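Asks: Take this structure first; my questions come after.
The values are calculated or read from the model by the stated rules, or taken from the named source; none is laboratory data. Bear in mind that the values here come from a model prediction, so they are computed numbers and not experimental data. Positions of Cβ are generated from backbone atoms using ideal geometry, with glycine treated the same way; all protein chains shown enter the neighbour counts. Please note that ligands, DNA and RNA were not included when accessible areas were found on the heavy atoms of the full protein model with its side chains. Shrake-Rupley method; radii C 1.70, N 1.55, O 1.52, S 1.80 Å.
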Amino acid sequence: MQKKWWHGKVAYQIYPKSFQDSNGDGIGDLRGIINRLDYLKELGIDIVWLSPIYCSPLADQGYDISDYYRIDPRFGTMEDMDELIAEAKKRDMYILMDLVVNHCSDEHAWFRKACEDPDGEYGKYFYIEDLKDGKLPCNWRSYFGGSVWEPLPGHPDKCYLHLFHKKQPDLNWENPKLREEVYKMINWWLDKGLAGFRIDAIINIKKALPWKDYPADREDGLCSVQHMLADAVGVGEFLGEMRDRTFEPHEAFTAGEVFNEKPGDLPNFIGDHGYFSTMFDFNETICGGSPKGWYDARPVTPDDYRRCCFESQRKIGDIGFLCNIIENHDEPRGVSRYLPAEGCHDAGKKLLATMNFMLKGLPFLYQGQEIGMENIPFHSIEEADDISTQDEYQVALAAGLSPEDALNAVARFSRDNARTPFQWTAGTHAGFTTGTPWLRVNPNYVRINLEAQRKNADSVYQFYRRLIALRKNTDYADTVVYGDLIPVWEDQKNLMAYYRRSAEKSLLVIGNFQNEAQRVTVPGGWKRILINNLPELETDGNAITLAGWQAVVLEA
Ligand code: TEU
Ligand code: CA
C-alpha cells in the first residue's frame, strides 16, 4: 500500500442542521460551523465532512438536492462556504462535501423538465418507463418503503424510478450526458478549493437492466434492492471514469459510502489506484440486521463487535485504508448500541472509543461522539422526524407488533438518535440555538455537554483528545497508523485485544466489556501504559487484571 498524506489524520463528520445554529432560527448553519472550527482544531480534527448543505426541500434532510451549485439559504450563502473553506485552510484543515449523485430531488430543474417532456433531453436523465397494462416495470422495494416506481407527475401512463424516497428520483448514469453534468459539477466544487467528497449511496448508480422481478421477500409482494445490486455488473466503469475526470486531476480525497460491493472488489475501490481514497467500514453497523426490518434486528454483543472489526481488518489487509466509525447520521449512537446498558457510562464509552480508534484505518468521528452522546428516548412516533423511522414503524405494525412494541423497536435504530442537536452547554437548548431547535434536544444535555467535559480532565472528551494525541505523537504515529493488526485472545468472552506492530514498536490494546474483572497474561510483558481509561491498572508480573469496562493501550 502506498503511503498517503491523509493516513495519519483524524476525520470528523458534521451534520450541519444539528451542529450549531448562529442566527436563532433553530437550524444549524455554516456560520455556526465557522465559529466552531477552533473547537474542532482543539479536539485534533484534520478532515471535516459536511452532510449536504445544497439547496434542498429537505425531504431526506438534504440528501434530496434541488440545485447542486447553490447553498440552501437555511444553511447560509456561497460566501459563507468560501469563508469556511478558507478558514479551514488557515488551520491546516480540509473540508469535504457530500456528493449525492445517485439521485437528485424531484424539485431539481432536470426533473421538472423531464416531467414537462418525458421524451425530451431531460427525460433521459432519469429512469422513466411506460406502464404496461397498468403494471410497474419490476417489484423492487424502495429503501424507505413501498415500490421504487412512482407515477410521473402529469403522465399517469408513465412512472419514474426512485430507490430511495419518491422525492429522490434516480439519475440515469447510463446516459453519458448526465455523467458529463455530474463531472462538471464535481470539478466546479473542487476548483473552488474543496478538498474532496464523501460519496453517498454510490453502489446504487448501476442498475441491473432490463428491469425484472425477484422473489418477493415480504408480505408487500416486493423485494429488497439488494437482489438487484447483486446482479448489477459494471459500476466500476462509471466509478473509474468519475475518478479519471474529476478526483484524480484534483488530487481530491474521497470517502465512499459503499455497501454491497462484490467479493474481491476492494482493490478496485480503494487499492493504490482505486476509485476512491477510502471507504467506510460498515461491518458492525450491518451486524444483526434482518431482511424483515428494524423490528427483527438482533442486538450486537461485544463479541459480535470484536468479530466484525477483526473481519474487516483481515479483509482489508494491506490493500488500502478503511474509515473506522462508531456511528454516523444514519445510525443510532454507538455507545447505546455496542455497549450493553450496564456499560453505557464514561468508562464504557472510553473503552469503545479505544477499541475503535486504535484499529488500523482512518478514525472518522461523528459529531457528539467525542462527548459520548447517547440515543434519545421516544414517547410517540410523532416525535420521529426521520422518514426511515416512519417507514420502519409501519413495517413493524404490519408484522403484528403492538404500537408500543413497534415504537420501542424502531427507537433503537432511529436515525434521529444521531441527529439531535449537539450538546454544547448545560444552558437553554444545550447552547445549540437561541430559538426553537428543529429537532428536540436530548434531555440528558444537562449531564452530557461539552462545556462540562472541557473542564474535566477525566471526561470522555478529554479522553478522545488523548487518543488523538497518541496517533499524532511522532514516537508512536508510525505504529498507530501503519502497524500490522494482530488479534489476540479471541476465545476470551467479552474481551477485545490486539497488537499493533511495526518494525520499531509494538502496542497492545486490551478492553474488558463486562462488569467482572478479566485476567490476561502478556507473554514478554510490556514497558509502559500509554492509555488507560481508569486511574489504576492491576498487574502481577506479566499478568494483568482488567477491571470492569477497563481499556488500556500498552507499549509492549
Ligand atoms: O444512505 C445510503 C443507504 O444505503 C441507506 O440505506 C442507509 O443505510 C439508510 O438510510 C439507513 O436507514 C445515504 C445517506 O447516508 C442517507 O442519509 C440518505 O438517506 C441516503 O443515502 C439517500 O441519499
Ligand atoms: Ca440557523
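Asks: Specify the residue that is farthest from ligand 2 (Cβ to nearest atom); the eligible residues are those in the stretch 35-46 that are more than 22 Å from the chain's Cα centre (by Cα) and either free of Cβ contacts under 8 Å to residues at least 12 places away in the same chain or farther than 20 Å from residue 420 by Cα (or both).
Replies: For the stretch 35-46, the residue satisfying everything is 42.
Asks: Here are some conditions: (1) open to solvent by 20 Å² or more (accessible area, probe 1.4 Å); (2) farther than 26 Å from residue 32 by Cβ. Residue 410 meets all but one. Which one does it not meet?
Replies: (1)
Asks: A further question follows. If you scan the stretch 336-365, which residues turn out to be within 19 Å of residue 454 (Cβ to Cβ) and touching an Asp or Glu at 6+ places or on another chain (Cβ under 8 Å)?
Replies: The one that is within 19 Å of residue 454 (Cβ to Cβ) and touching an Asp or Glu at 6+ places or on another chain (Cβ under 8 Å): 346.
Asks: Then there's this: So, in the stretch 1-34, exactly how many residues are assigned to a loop (DSSP other than H, G, I, E, B), farther than 18 Å from residue 323 by Cα and either small (Gly, Ala, Ser) or more than 14 Å from ligand 2 (Cβ to nearest atom) (or both)?
Replies: 4
Asks: Condition first: among the basic types (Lys, Arg), touching a residue at least 40 places away in the same chain (Cβ under 8 Å) and more than 16 Å from ligand 2 (Cβ to nearest atom). Can you find one or more residues in the stretch 74-93 that meet it?
Replies: Checked the stretch 74-93: at least one residue is among the basic types (Lys, Arg), touching a residue at least 40 places away in the same chain (Cβ under 8 Å) and more than 16 Å from ligand 2 (Cβ to nearest atom).
Asks: Would you check which residues across the stretch 382-404 are touching a residue at least 12 places away in the same chain (Cβ under 8 Å) and more than 16 Å from ligand 1 (Cβ to nearest atom) and list them?
Replies: Matches in the stretch 382-404: 383, 398, 399, 401, 403.
Asks: Here's a check for you: in the stretch 9-58, which residue that is open to solvent by 30 Å² or more (accessible area, probe 1.4 Å) and touching a helix residue (DSSP H, G or I) at 6+ places or on another chain (Cβ under 9 Å) is farthest from ligand 1 (Cβ to nearest atom)?
Replies: 42
Asks: Look at residue 13 and say whether it is touching a residue at least 60 places away in the same chain (Cβ under 8 Å) and touching a His at 6+ places or on another chain (Cβ under 8 Å).
Replies: yes
Asks: To continue, here is another question. Return the residues of the stretch 107-144 that are in contact with a Pro (Cβ under 8 Å, 6 or more places away or on another chain), within 16 Å of ligand 1 (Cβ to nearest atom) and open to solvent by 40 Å² or more (accessible area, probe 1.4 Å); say none if nothing qualifies.
Replies: 107 - this is the single residue of the stretch 107-144 that is in contact with a Pro (Cβ under 8 Å, 6 or more places away or on another chain), within 16 Å of ligand 1 (Cβ to nearest atom) and open to solvent by 40 Å² or more (accessible area, probe 1.4 Å).
Asks: Take residue 454 and tell me if it is more than 16 Å from ligand 1 (Cβ to nearest atom), more than 28 Å from residue 301 (Cβ to Cβ), assigned to a helix (DSSP H, G or I) and open to solvent by 60 Å² or more (accessible area, probe 1.4 Å).
Replies: It is true that residue 454 is more than 16 Å from ligand 1 (Cβ to nearest atom), more than 28 Å from residue 301 (Cβ to Cβ), assigned to a helix (DSSP H, G or I) and open to solvent by 60 Å² or more (accessible area, probe 1.4 Å).
Asks: Take the residues in the stretch 77-101 that are crowded, with 23+ Cβ neighbours inside 10 Å and in a loop (DSSP other than H, G, I, E, B), then tell me which one is nearest to ligand 1 (Cβ to nearest atom).
Replies: So, considering only residues that are crowded, with 23+ Cβ neighbours inside 10 Å and in a loop (DSSP other than H, G, I, E, B), the one nearest to ligand 1 (Cβ to nearest atom) is 100.
Asks: Continuing with this model, one more query. Out of 115, 138, I need the residue that is more than 13 Å from residue 168 (Cα to Cα), touching a residue at least 12 places away in the same chain (Cβ under 8 Å), not aliphatic (A, V, I, L, M) and not in a helix (DSSP H, G or I). Which one?
Replies: 138
Asks: Out of the residues in the stretch 47-73 meeting the condition of being away from ligand 2 (no atom under 16 Å from the Cβ) and assigned to a loop (DSSP other than H, G, I, E, B), tell me which one is farthest from residue 389 (Cα to Cα).
Replies: So, considering only residues that are away from ligand 2 (no atom under 16 Å from the Cβ) and assigned to a loop (DSSP other than H, G, I, E, B), the one farthest from residue 389 (Cα to Cα) is 66.
Asks: For the subset of the stretch 217-231 comprising residues that are of a type in the set (A, V, I, L, M, F, W, C) and either assigned to a helix (DSSP H, G or I) or out of contact with any Lys or Arg (no Cβ under 9 Å at 6 or more places or on another chain) (or both), which member is surrounded by the fewest Cβ atoms within 10 Å (Cβ to Cβ)?
Replies: 230
Asks: Moving to a separate point now. Within the stretch 308-344, take every residue that is among the basic types (Lys, Arg) and within 13 Å of residue 281 (Cα to Cα) and give me the one that is most open to solvent (accessible area, probe 1.4 Å).
Replies: 314
Asks: A follow-up question, please. I'd like the residue in the stretch 141-177 that is of a type in the set (Asp, Glu) and either within 16 Å of ligand 2 (Cβ to nearest atom) or not in a loop (DSSP other than H, G, I, E, B) (or both) and, out of all such residues, is nearest to residue 222 (Cα to Cα).
Replies: Out of the qualifying residues, it is 150.
Asks: In the stretch 62-74, how many residues are within 16 Å of ligand 1 (Cβ to nearest atom) and either among the aromatic types (Phe, Trp, Tyr) or under 24 Å from residue 36 (Cα atoms) (or both)?
Replies: 4
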